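Report on the following structure.
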Amino acid sequence: MPPERAAALAQFRQEYETVRRQEGRGSDDPAFYQALPFVADPAWAGRGQSYKVLLARVVRPFTQKAQRPLRILDLGAGNGWLSHRLAAEGHVLTAVDLGVTVRDGLGAHIHYPTPFTCLQAEFDQLPLADGWADLVIFNASFHYSVNYETTVQEALRVLRGDGAVVVLDTAVYQHASSGQQMVAEREAAFVRQVGFAANALPSENFLTPQRLAELAQACQLRWQRVEILPAWQRWVRRVKVAWRGQREPAQFPLILFWRTPASEPGVTQSLQRIGPNSLWLLLARVGQQAILLLFTALVARQLGEVGLGQLSWVTAVLYLGNVFSTFGLDTLLLRQIGAAGRADVVPLASALALELILAALFGLGLWLLPFAGQSAETVAGLRLYGWVLLPLAWLTLSSAALRAHEQMGWLAGLTLGTAVLQVAGTAVLLQFGGDFPALMVWLVLVQLVAAGGGWWLCRQILPHFGLDWRLLTWAAVGQLARVGFWLALLMVTAVLLQRLGILLLGWLGGMAQTGQLAAALRLVEAARLLPAAVLGAVFPLLVRQQAAVDGWVRWGLVGYGLLAALLLILLARPLVTLLFGPAYEPAVLPLRLLALGIVPFTLSQPLAAELVAAGREKRVLAATGVALAGTAVLSTLAFFWHGLAGLALGLVAGEWLLVGSLKVAGR
């Protein structure tokens, strides 16, 4: 280190080493250092778990990709424990720190049997050649930087083009005020313990999602947040501090940064892509819903109200099963592929394995449960259609990859092609006297074709797409299950809310009433296409930029909702008669009432998308759970009060309840 820089940093080093001695850091026993970070010392609590995640999610996948030992820079190495661990894995390590003491600095390297290079240097002036490292790891040290942009730019200088910067064990707060309060508390504690605040270096001290987004934009990087603790443990911590009236607790996720490819569109260009992407999704969903509306009309006219009721109930149950087996992985993969810009660093094989296991469990439940109250034909159709979960598991991966790469045109083609095949085959089947179970078999075959087509399409047009079976481990599957748990619970709850009317009628009413409600809901779902298309196109950008839905988008959707509701109310009778026939006249009034729920739908969906994109799905889950419980009670009571019309009013009330709950959750 140059003498002038050593002099400038002397006070910081002196204060830091004084605090560490006061805390009793270090040991006289070499075995202590060699056991790190897996020791009982409270100062090392949580470090072992973060090390395991670092190995599983970063070091080993990068090693398998490179097919050679990695060159890793350990910044803020302290006593060198991480360099020792990774060198023992076969990698080439350089440990960098200001401290060189034998007890708590680089001098502690004498306790390790593994060789690694030690350099006394500061983060912003690294004595290494350009492009030396495959990985640059800030080891519980990034928060000491006085300017994150300067520090990251120097890390990028010594990083290979396809390498990554890792921030490990630095505090992240949702709100900057919480981090500032933490700094004030810590400095006050130091004054009491050692007589000074230990703030000789004007460090940034902590991170927030906003600061991360600013840093990534300034340095033209992509970033990804990987949680260390399971979601339930983080939730328990928040509940405890809220109960005690304390400040927001710090989170210590692993943060990954990648370079943004030069050809990647910037923020302005990304915003410009929302229009075309929304158009593609809108065209796909309009076409799909129009074709599926024809499919519903075919079933309604050929199999009658009871047949349509059977189809609606079975598809509602299997829709729930698909969401359960997907386990939030569609959104999780979309976030990871969108943040990384490529699919080969995302554990697709482990995700597929988890989906297939869950699909098998749900399918087993379909064969074991008796489904009392349903006809033998309905139950047989349900169990046959249950096989659809297997091809849908493959389709989840390809759809998430296409969306993450913003290949909405290809996704639209896949979606429309599947819908056309489904309706054409159904028309032929019903024309030749096919019954309900035969229809279920045909629908499974359609999804098999769609899954194969989607996979082939991704292999043709997406770079680095495929299954790397070497990344398939039980540890990775377990990690995905833990990370996806809250998203899965959220999606199951959301689907229960969305399909609540059909599921309730399967219990409270008959299949004829279920068919009438299904006819009305099909038209309402068609009217919700535009909001869903716009938010589907915006979601990757929300993930990437950690931004909010623009005001003009939000209020434009509300205006559309008002217009769509008015048109459905006015045209309810001719639409029902034209599409489903005179026998479906009882569906007219429920349709008019359900149309009133389109406006609250356009309000709730942007709120939910923002929270999920920001990784706050547990708040959306809580809000959806409240709405589900309230809607179930209101709809059940209203059904006994006024039949189908009462049930429809209960569902609309539930939409407004969801808006209010999401508003509260977003605070």
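The values are calculated or read from the model by the stated rules, or taken from the named source; none is laboratory data. Keep in mind that what you see is a predicted model, and the values were worked out from it rather than measured. Glycine also receives a Cβ, built like all others from the backbone with ideal geometry; neighbour counts cover every protein chain displayed. Quick note on the areas: whole protein, heavy atoms, side chains included, nothing else; ligands and nucleic acids left out. Shrake-Rupley method; radii C 1.70, N 1.55, O 1.52, S 1.80 Å.
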Of (1) open to solvent by less than 10 Å² (accessible area, probe 1.4 Å); (2) out of contact with any Ser or Thr (no Cβ under 6 Å at 6 or more places or on another chain), GLU355 satisfies every one except (2)
Counting only residues that are under 19 Å from GLN120 (Cβ atoms), in a helix (DSSP H, G or I) and of a type outside the set (Lys, Arg), the range 20-43 contains a total of 1
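Can you tell me which residue in the range 129-138 is farthest from LEU254 (Cα to Cα), limited to those that are surrounded by 20 or more Cβ atoms within 10 Å (Cβ to Cβ) and in contact with a Lys or Arg (Cβ under 6 Å, 6 or more places away or on another chain)?
Filtering the range 129-138 down to residues surrounded by 20 or more Cβ atoms within 10 Å (Cβ to Cβ) leaves 133-138.
With the extra rule that they be in contact with a Lys or Arg (Cβ under 6 Å, 6 or more places away or on another chain), the set shrinks to 133-134.
Values: ALA133: 19, ASP134: 17 Å.
If we take residues in the range 129-138 being surrounded by 20 or more Cβ atoms within 10 Å (Cβ to Cβ) and in contact with a Lys or Arg (Cβ under 6 Å, 6 or more places away or on another chain), then ALA133 is farthest from LEU254 (Cα to Cα).
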- prompt: Would it be correct to say that LEU634 is at pLDDT below 90 and crowded, with 17+ Cβ neighbours inside 10 Å?
  reply: no
Listed by first then second residue, the pairs whose first member lies in the range 64-76 and is modelled with pLDDT under 90, whose partner is in a helix (DSSP H, G or I) and open to solvent by less than 70 Å² (accessible area, probe 1.4 Å), with beta carbons under 9 Å and at least 6 positions apart or on separate chains, are GLN64/LEU471
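Within the range 52-70, track down each residue that is among the basic types (Lys, Arg) and in contact with a Leu (Cβ under 8 Å, 6 or more places away or on another chain). Full working, then the answer.
In the first step, residues of the range 52-70 are kept if they are among the basic types (Lys, Arg); the result is 52, 57, 60, 65, 68.
Once the filter is applied, which keeps residues that are among the basic types (Lys, Arg) and in contact with a Leu (Cβ under 8 Å, 6 or more places away or on another chain), the range 52-70 yields only ARG57.
So which residues in the range 92-102 are open to solvent by 20 Å² or more (accessible area, probe 1.4 Å) and either more than 19 Å from GLY26 (Cβ to Cβ) or at pLDDT below 90 (or both)? Walk me through it before giving the result.
Filtering the range 92-102 for residues open to solvent by 20 Å² or more (accessible area, probe 1.4 Å) gives 92, 97-98, 100-102.
Residue satisfying the conditions is VAL92 alone.
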Discussion item. Criterion first (open to solvent by 60 Å² or more (accessible area, probe 1.4 Å), in a helix (DSSP H, G or I) and either among the aliphatic types (A, V, I, L, M) or on the phi < 0 side of the Ramachandran plot (or both)) does GLN210 satisfy it?
Written reply: yes
Within the range 105-128, is even one residue within 16 Å of VAL158 (Cα to Cα), free of Cβ contacts under 8 Å to residues at least 12 places away in the same chain, more than 34 Å from the chain's Cα centre (by Cα) and open to solvent by 30 Å² or more (accessible area, probe 1.4 Å)?
yes
Condition met for ALA608 (in a helix (DSSP H, G or I), crowded, with 21+ Cβ neighbours inside 10 Å, hydrophobic (A, V, I, L, M, F, W, C) and under 28 Å from the mean Cα position of the chain (by Cα))
yes
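Criterion first (at pLDDT below 95, of a type in the set (Gly, Ala, Ser), within 36 Å of the chain's Cα centre (by Cα) and within 21 Å of VAL58 (Cα to Cα)) does ALA88 satisfy it? Working first, answer last.
Numbers: at pLDDT below 95: yes; of a type in the set (Gly, Ala, Ser): yes; within 36 Å of the chain's Cα centre (by Cα): yes; within 21 Å of VAL58 (Cα to Cα): yes.
Yes: the conditions hold for ALA88.
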Check: Does the range 173-190 contain any residue that is in a loop (DSSP other than H, G, I, E, B) and at pLDDT 90 or above?
Finding: yes
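Does ARG192 satisfy being open to solvent by 30 Å² or more (accessible area, probe 1.4 Å) and under 22 Å from the mean Cα position of the chain (by Cα)? Show your work before the answer.
Values: open to solvent by 30 Å² or more (accessible area, probe 1.4 Å): yes; under 22 Å from the mean Cα position of the chain (by Cα): no.
Answer is no for this residue.
Look at the range 215-247 and say how many of its residues are more than 20 Å from the chain's Cα centre (by Cα), in a loop (DSSP other than H, G, I, E, B) and modelled with pLDDT under 80. Step through it out loud before you land on a result.
Residues of the range 215-247 more than 20 Å from the chain's Cα centre (by Cα): 215, 217-220, 236-247.
Filter again for in a loop (DSSP other than H, G, I, E, B), leaving 219-220, 245-247.
Then drop every residue that is not modelled with pLDDT under 80, which leaves 245.
Going through the range 215-247 one residue at a time, the tally reaches 1.
Of these, ALA393, ALA400, ALA419, which one is more than 21 Å from the chain's Cα centre (by Cα) and not charged (D, E, K, R)? Walk me through it before giving the result.
Values: ALA393 fails: more than 21 Å from the chain's Cα centre (by Cα); ALA400 fails: more than 21 Å from the chain's Cα centre (by Cα).
It is ALA419.
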Over the range 19-40, the set of residues open to solvent by 40 Å² or more (accessible area, probe 1.4 Å) and closer than 21 Å to VAL194 by Cα is ARG20, ARG21, GLN22, GLU23, GLY24, ARG25
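With respect to LEU366, determine if the residue is assigned to a helix (DSSP H, G or I), in contact with a Lys or Arg (Cβ under 9 Å, 6 or more places away or on another chain), open to solvent by less than 20 Å² (accessible area, probe 1.4 Å) and over 23 Å from THR331 (Cβ atoms).
Details: assigned to a helix (DSSP H, G or I): yes; in contact with a Lys or Arg (Cβ under 9 Å, 6 or more places away or on another chain): yes; open to solvent by less than 20 Å² (accessible area, probe 1.4 Å): yes; over 23 Å from THR331 (Cβ atoms): yes.
Judged against the criteria, LEU366 is a match.
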